[in-house]
Amino acid sequence: MPVLIFSMNKFLTTVFFLIPLISLSQTDVLILQKNGRNIKTFETGMPIGFHTVYDQWLGGTITALRNDSIFLNNIPFHVHEIDAIRQDNAKWNYLTDGTLLIVAGVGVLVLNVVNGLYTNESAGSWIKTSGWITAGAFIIGGILLRRARYSDYKIGKKYTLHYLNMHVNNPVENNPSVKPTEPAK
């Protein structure tokens, strides 16, 4: 019995150390940086939205990252074709993204007009100052919430986009543009 346990331990140890050799554990990564600090890292399977140099906003899931290209829903885009990246700050719906506040602000104005018509007031006195302030606060608050939903990162001086290739298919000896480092003396 002790021999069986010892050989089982050897087998499990061998399998445990061979699994990383068989599996594909590392994929390429797309990194968004602000002044050299990482803001967001994108990998295969993550949602992304970006603006291209062709003036189009595209969004979807990254299906692959290969050879400095991003495959968005199996459509390839080179990293240099991306002009800006949009990040959705939260998973909001119409109740929390400001639409409801805008509707409430317009509703306050409509309610004041209907009340003015119902009481036969003159047209200039339908909406009081408090109605204008309330409706304006609701509408402006809704617009601000709608604008805060997304963060747009324009690629340029402040924000940079880097493609990090994790596969070493071309060693340094075969690539003439990359010089090998020399050991310290």
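The values are calculated or read from the model by the stated rules, or taken from the named source; none is laboratory data. Keep in mind that this is a model prediction, so the values were computed, not measured. So basically every Cβ, Gly included, is an ideal-geometry build from the backbone, and we count neighbours across all protein chains shown.
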message: List pairs: first residue in the range 96-115 and closer than 13 Å to Gly142 by Cα, second residue outside any helix (DSSP H, G or I) anywhere in the structure, Cβ distance under 6 angstrom, at least six positions apart or on different chains.
response: Asp97/Arg149
statement: Taking first residues from the range 133-146 that are touching a residue at least 40 places away in the same chain (Cβ under 8 Å) and second residues anywhere that are acidic (Asp, Glu) and assigned to a helix (DSSP H, G or I), the pairs with Cβ under 7 Å that are 6 or more apart or on different chains are none
- prompt: Where residues in the range 141-180 are of a type in the set (D, E, K, R) and out of contact with any Asp or Glu (no Cβ under 8 Å at 6 or more places or on another chain), which of them is modelled with the lowest pLDDT?
  reply: Lys179
- request: Search the range 36-65 for residues that are closer than 17 Å to Glu81 by Cα and pair each with any residue that is part of a strand (DSSP E or B) and basic (Lys, Arg) when their beta-carbon atoms are under 8 Å apart and the residues are at least 6 apart or on different chains.
  value: Gly49/Arg86; Phe50/Arg86; His51/Arg86; Trp57/Arg86; Gly59/Arg86
query: Can you find even one residue in the range 18-25 that is at pLDDT below 90 and under 12 Å from the mean Cα position of the chain (by Cα)?
result: no
- request: Mind counting the residues in the range 26-59 that are closer than 15 Å to Leu72 by Cα, part of a loop (DSSP other than H, G, I, E, B) and either touching a strand residue (DSSP E or B) at 6+ places or on another chain (Cβ under 8 Å) or not assigned by TED's automatic domain parsing to the domain that holds Glu81 (or both)?
  value: 5
task: Using the structure shown, decide if Ala84 is at pLDDT below 90, part of a strand (DSSP E or B) and not aromatic (Phe, Trp, Tyr).
output: no
task: Would you mind stating whether Gly136 is over 36 Å from the mean Cα position of the chain (by Cα), of a type outside the set (Val, Ile, Thr) and not in a loop (DSSP other than H, G, I, E, B)?
output: no
